[in-house]
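Below are the structure tokens for one structure; questions will follow.
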Amino acid sequence: MDRIQWVHKRFEAWAMWTLSGGGGGMPRTYDPNRVDQTADVRAGWRNSDPAFDAGALEIDRAIAQLPAELKTAVKAAYRWEGGMQEIAATLGCTRATLHNRLCNADRRVSAWLDARRQRGEEIKERGIFATYT
């Protein structure tokens, strides 16, 4: 089974976001190369406002809805150090199983994002801008 490349890229961006302090419960960090930092960020805190990186937050929510074994596979593959073989061994599965879980996660996240976009379009068409879920 092949990976969905655009989902893979979104997972990579999500991992950078979580590991750089944007989300995922990781500590905030200062990045001297960023040009959009405010005074509080220059004092040592990175902007963690959800609107700052809505795409990464959206993927974070998509990952959160995955079944436990798929969620663990995504977090391990994109946030842990080591190659796929080492990560698979740490998870107690084969490399093929890890790859299969990542492929399944790709498909589920893709479907979740599509459903979310469709709901948004339906809401826009009906003229309803606030929903309760």
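Of Leu57, Leu19, Leu70, which has the most accessible area and how do the rest follow, probe 1.4 Å?
Leu19, Leu57, Leu70
Ranked from the most accessible area to the least, with a 1.4 Å probe and all protein chains present, what is the order of Met16, Met84?
My answer, sorted largest first, is Met16, Met84.
Oh, and also: Once the Cβ-Cβ distance between Ala115 and Met16 is put in as r, and R0 is 22 Å, what FRET efficiency do you end up with, to the nearest 0.05?
Calculated transfer efficiency: 0.30.
May I pose another question? For Ile4, list long-range residues whose amide hydrogen, built 1.01 Å from N in the peptide plane, is under 5 Å from its own amide hydrogen.
Amide H to amide H, under 5 Å and 5 or more residues apart or across chains, Ile4 pairs with nothing.
Next question. Using a basic spin-label model with each label point 7 Å from the Cα along Cα→Cβ, how many nm lie between Glu125 and Glu69?
Taking the simple label geometry, Glu125 and Glu69 are separated by 3.7 nm.
Take Trp14, Trp80 and sort them by solvent-accessible surface of the protein heavy atoms, 1.4 Å probe, largest at the top.
Reading off the accessible areas and sorting them downward yields Trp80, Trp14.
While we're on this one: Quick check on the stretch 54-133: take the gyration tensor over C-alpha atoms, sort the square-rooted eigenvalues as a ≥ b ≥ c, and tell me if it's rounded (a/c under 1.5), prolate or oblate.
Prolate, because a/c is 1.5 or more and a/b exceeds b/c.
The values are calculated or read from the model by the stated rules, or taken from the named source; none is laboratory data. Note that the coordinates shown come from a computational prediction; the quantities given were computed from them, not determined experimentally. Cβ coordinates were reconstructed from backbone atoms using ideal geometry, including for glycine residues, and neighbour counts include every protein chain displayed. Just the protein is used for accessible areas: all its heavy atoms, side chains included, with ligands, DNA and RNA removed. Shrake-Rupley method; radii C 1.70, N 1.55, O 1.52, S 1.80 Å.
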